[in-house]
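Read the structure below first, then the notes.
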2 protein chains.
Amino acid sequence: METIPKENGSTTAATPIRAATNPMVTPLLTDLYQFTMAYAYWKAGKHLERAVFDLYFRKNPFGGEYTVFAGLEECIRLIANFHFKKDDISFMRSVMPNCEDEFFEYLTQIDCSDVEVYAIPEGSVVFPKVPLIRIEGPVAVVQLLETPFVNLVNYASLVATNAARHRFVAGKDKMLMEFGLRRAQGPDGGISASKYCYIGGFDATSNVAAGNLFGIPLRGTHSHAFVSSYMSPDEIVVKSLRSHDGSSTCMDFLTLVRTWLSKLQVMRSGIPNFCAVALALNDLGYTASGIRLDSGDLAYLSTEARNFFLSVEKEFNKSGFGKMAVTASNDLNEETLDALNKQGHEIDAFGIGTYLVTCYTQAALGCVFKLVEIKDQPRIKLSEDVTKVSIPCKKRCFRLYGKEGYALVDIMTGEDETPPKVGQRLLCRHPFNESKRAYVVPQCVEELLRCYWPGSSNKPREELPSLNKVRERCMQQLEQMRSDHMRRLNPTPYKVSVSAKLYDFIHFLWLSEAPVGELQ
Amino acid sequence: METIPKENGSTTAATPIRAATNPMVTPLLTDLYQFTMAYAYWKAGKHLERAVFDLYFRKNPFGGEYTVFAGLEECIRLIANFHFKKDDISFMRSVMPNCEDEFFEYLTQIDCSDVEVYAIPEGSVVFPKVPLIRIEGPVAVVQLLETPFVNLVNYASLVATNAARHRFVAGKDKMLMEFGLRRAQGPDGGISASKYCYIGGFDATSNVAAGNLFGIPLRGTHSHAFVSSYMSPDEIVVKSLRSHDGSSTCMDFLTLVRTWLSKLQVMRSGIPNFCAVALALNDLGYTASGIRLDSGDLAYLSTEARNFFLSVEKEFNKSGFGKMAVTASNDLNEETLDALNKQGHEIDAFGIGTYLVTCYTQAALGCVFKLVEIKDQPRIKLSEDVTKVSIPCKKRCFRLYGKEGYALVDIMTGEDETPPKVGQRLLCRHPFNESKRAYVVPQCVEELLRCYWPGSSNKPREELPSLNKVRERCMQQLEQMRSDHMRRLNPTPYKVSVSAKLYDFIHFLWLSEAPVGELQ
């Protein structure tokens, strides 16, 4: 069991951190060039140089102006258990046959005891350019972490954001169920989708493995194959049904259903059939759950079904029957939910699959992992495309809140700057556009980057919260966003800024930096 | 170790089938409703009824007219090791607290010893409506397999097809490298992408874990962070380099590079720098691998680089220098490859990531799993949308080839029909459109569905071929397709047909079948 230093200097046994959920997440889950670069650093005697990398993204997905950050726990689990096994080393020797034995001995010794990880809490609402994770450590080790960190954060954040967007359109009172396992990109595409859609605001999943792994509530409907496995009602052999309280047994449930059906023969559709069964069940003390609509005009059919349920309630004096749950599924996505809202519908629960879990409208988030400082020297990546210029330096990041409790702006500062203070006027500058600047007087200041892995430093480590806590954080953070940032059409961009000092430094560096790749 | 019956009736020990590559692929990786349906079948005494399900898709992806079938091996691995562990059962009890103990005892006993799986070989080119996999067995067990089978086939086939399409555009002589791990949908989104892109015709991956698991060749370039970790050439401490044959040591390699650079000072770009290093390395008996272009106008830059290499070859009489490899990466996809071809370029190798592995232009393939027969009774799924009507019956499927060796048509027949014969005229009918029919005289007949899991039957089991064999099959099958089916713009649909007998039966069933869900 590991021990970590406490804030007061004493050390205590912390909760041990388990391995990554997916056993395939090992130190080999990285790009080959991370190993060849590690070798190059080692060969040049640079591998122990202390480097700082920022993991961030450049553009919010789905044409929106916000992103939900997810995937952090799996990153921390990876580094907490990061080491190469004998077999890994043998494999790497076969891949890099010209490298010295000493390099492989070095690889054998690598762990993350000297790596520090600072991150925005998982489930937070986040914005472009602000580091989600800041990783410090020996450059060769941190370089090896680039690929798995980006992999673990990219899809997790993308699908959590997609889920949050679906929740935003569906409204708070609807039940949202993730039904995507069969269409997901591979087995843990499905398992990850279930986890991160739950964080983003879904209520349940159909994925039993995810329910087992994460304790997510499980829900389902029924399969068409079951229905079509019956040629006719004559095939129903077991006709009796005991009443719910066990006090009596109906010897021919089918006849009871048919009796009800004859009273309901108004509408030629599945609805009277369902109601007949539900009413027969009701006679025996059971409560039917509801219906699922899986095709056709969902707005119309749900309204018709609701009217039928209400007329049954009235006609037969069955209190509550009108509130029977209507579930809809059938290639639903943000657009169709929005269209249903506009038409008016009577759906209580949505089962959403393909478009949600594969993030069909934008299947990737472009997280990057950039060197911002090495040996205490800030580094900048220049590009003709200003959106690709990185923000140099080891930084602190803050979210400033206004009077109404809404988030106003995120600001990045150099590490040694005085942090923003409540009630104190502060100049927030666009990192690259000179004319964009504003004074802000924050009513509340939240430091965004927290220490999740202290390495050999003295800092206290944030515990990894439970999945439900992460989900609660997400729901709370989405609440704290001004609605104009959240709307689907033409949302207002949320402002991300740098301090005056950092602005000046970026532009000093920009001018002084020689083009990358020039030896002279 | 299992034993399987041989064709001649004797049994022999077969190669044991390993568990699925991803340890998260367990019998719990399914939708909740598969368990509730299994319970419903069990409760109705129907769970042992022998059912036949077809796994197929309805539409080729990416606007194309072909699909590469992949994912079969993982399906077979799942069923070969299919059983519920004690913990699984405890979990299911907690999820379904109202079910009888006897049901969970039944679950405990379930395996796939009584399930038969017939499939088209992995790596084959396949078409809509034709079953990729036909699964027969006790209905409750086969129902549990629906979700994991569809999950394992959907993404695998989608990304293999995407890779094949990229290969088609790039041409056979280019090196194609899959660089998608960091942008893939989760860890095994990345690992699966590497495997199935290789099957679809890629040459290598950057993903070390996939290289380790599957023996796929590994390739990589170099990282920007390594370049920017150097403030200036003064930081290069180790300046000496031993010659490749070990006979001498250059004490100041940097000066050697600068000497070459002064001879090359023609072009203000990274190319002279690279050439100076390559030439200095060449002096010491090493061969530089090449350059990577990661931004800018790839067609122009590659041509300029090639010209520079050729002029270096000529100027300094360095034989072969003009053939220096040019690798390109930078958000490449089918469209950009096509555009590069049209402009003319000098790129030898492409590194392709995001668009390839996430299947950005179409992030999901819609495989379905439909009941086609139960207790020897054919079942059909009707729908107002004719593309959603299923083709009933336990079927055999054949591919008919013409004189030039190209595939002409796929045909499905009832199980007991006489199979198509070489040289014999055969009527092939569109399954739903009366007017679409043609006589075909096949020059070669290939039976598509083979037995990969004989269950308790007497049939010999196909061995699971190696990854390289699957890849070869794919390359070969793509070759056997007529080019008009393969082209990117307006490809000709490949014909999928049914026998006259099956056609008549479908339409007899269609007319006689009462709408699903009606009790009367």
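The values are calculated or read from the model by the stated rules, or taken from the named source; none is laboratory data. Because the structure is predicted, anything quoted here is derived from the model rather than measured. Methodologically, a virtual Cβ is constructed for each residue, glycine included, from the backbone with ideal geometry; neighbour enumeration extends over all protein chains shown. Heads up: the accessible areas ignore ligands, DNA and RNA and are worked out on the full protein's heavy atoms, side chains in. Shrake-Rupley method; radii C 1.70, N 1.55, O 1.52, S 1.80 Å.
Between the helical axis of A:334-343 and the longest alpha-carbon principal axis of chain A there is an angle of about 40 degrees.
What does the net charge come to around residue A:344 if you take all other residues with beta carbon closer than 13 Å to its beta carbon, with K and R at +1 and D and E at -1? Value of the local net charge: -2. With label points defined 7 Å past Cα in the direction of Cβ, position residue B:48 shows copy-to-copy spacings of 7.1 nm, given to one decimal and shortest first. Between the range A:111-158 and the range B:363-385, the alpha-carbon centres lie 45 Å apart. Pairs of Lys residues in the range A:322-417 are counted when their Cα atoms are under 28 angstrom apart and they lie 8 or more places apart or on different chains; the count is 11. Here the Karplus curve 6.51 cos²θ - 1.76 cosθ + 1.60, taken at θ = phi - 60°, turns the phi angles of the range B:165-175 into couplings of 5, 5, 4, 4, 6, 5, x, 6, 8, 8, 8 Hz, with x standing for Gly and Pro.
Interface size, chains A and B: roughly 8500 Å² of accessible area buried, both sides included, 1.4 Å probe, rounded to the nearest 100. Put B:183, B:429 in order of accessible area, highest first, and with a 1.4 Å probe you get B:183, B:429. Among the protein heavy atoms of the range A:228-328, carbon and sulfur supply 53% of the accessible surface, probe 1.4 Å, non-protein parts ignored. Computed about its Cα centre, the charge dipole of chain A is approximately 1100 debye, with only Lys, Arg, Asp and Glu carrying charge at their Cβ. If one puts a single equal scatterer on every Cα of the protein assembly as shown and applies the Debye formula without solvent, what log₁₀ I(q)/I(0) results at q = 0.05 Å⁻¹? Debye output, listed in q order: -0.35. With the cut-off at 1.5 for a/c, could you classify the range B:234-323 from its C-alpha gyration tensor as rounded, prolate or oblate? Because a/c hits 1.5 or more and a/b exceeds b/c, the range B:234-323 counts as prolate.
Find the centroid of the Cα atoms in the range B:259-305 and in the range A:226-254, then give the distance between the two in whole Å. Computed from Cα coordinates, the inter-centre distance equals 79 Å.
Roughly to the nearest percent, how much of the accessible area of the range A:25-82 is carbon and sulfur, given a 1.4 Å probe?
That fraction is 56 percent.
Summed over qualifying helices (DSSP H, 4 residues or more, each -39500 (n - 2.57)) and divided by its residue number, chain B shows a 222 nm mean residue ellipticity of -11000 deg cm²/dmol. Taking a straight line from the alpha carbon of residue A:195, these lysines sit under 16 Å away, with near neighbours fewer than eight places off in the same chain left out: A:469.
Entry comment: accessible area of the range A:228-328 is 54 Å² per residue, from protein heavy atoms only and a probe of 1.4 Å.
Placing a label point 7 Å from the Cα of residue A:255 along the Cα-to-Cβ direction, the distances to the matching points in the other copies come to 10.9 nm, shortest first. Think of the range B:291-341 as a dipole: +1 on every Lys or Arg Cβ, -1 on every Asp or Glu Cβ, centred on the Cα centre; then among B:300, B:321, B:340, B:321 lies furthest on the positive end. Taking GluC sites (Glu not before Pro) in DSSP loop conformation with at most 10 other Cβ atoms inside 10 Å as exposed sites, chain A has its longest uninterrupted site-free stretch at A:8-383. Using C-alpha pairs under 8 Å with a sequence gap of at least 6, the mean separation divided by the residue count of chain B gives a relative contact order of 19 percent. Distance from the alpha carbon centroid of the range B:32-84 to that of the range A:32-73 works out to 39 angstrom. Cα axis of helix A:467-479 to longest principal axis of chain A: angle in degrees, 0 to 90, nearest 10? Tilt of helix A:467-479: around 90 degrees. Amide H contacts under 5 Å for residue A:243: A:248, A:249, A:250, restricted to partners 5 or more places along the chain or on a different chain, H placed in the peptide plane at 1.01 Å from N. Sorted from shortest, what are the nm distances separating the label point of residue B:458 from equivalent points in the other copies, each placed 7 Å from Cα along Cα to C-beta? Distances between equivalent label points, in nm: 8.1.
Rounded to the nearest 10 degrees, the angle from helix B:270-283 to the longest Cα principal axis of chain B is 80 degrees.
Inter-chain neighbour count for A:133-143: the average number of beta-carbon atoms from partner chains within 10 Å of each residue's beta-carbon is 1. Amide H contacts of residue A:409: A:400, each under 5 Å away and 5 or more positions distant or on a separate chain (H built 1.01 Å from N in the peptide plane; Pro and chain starts excluded).
Rolling a 1.4 Å probe across the protein heavy atoms gives the range A:330-434 an accessible surface of 42 Å² per residue.
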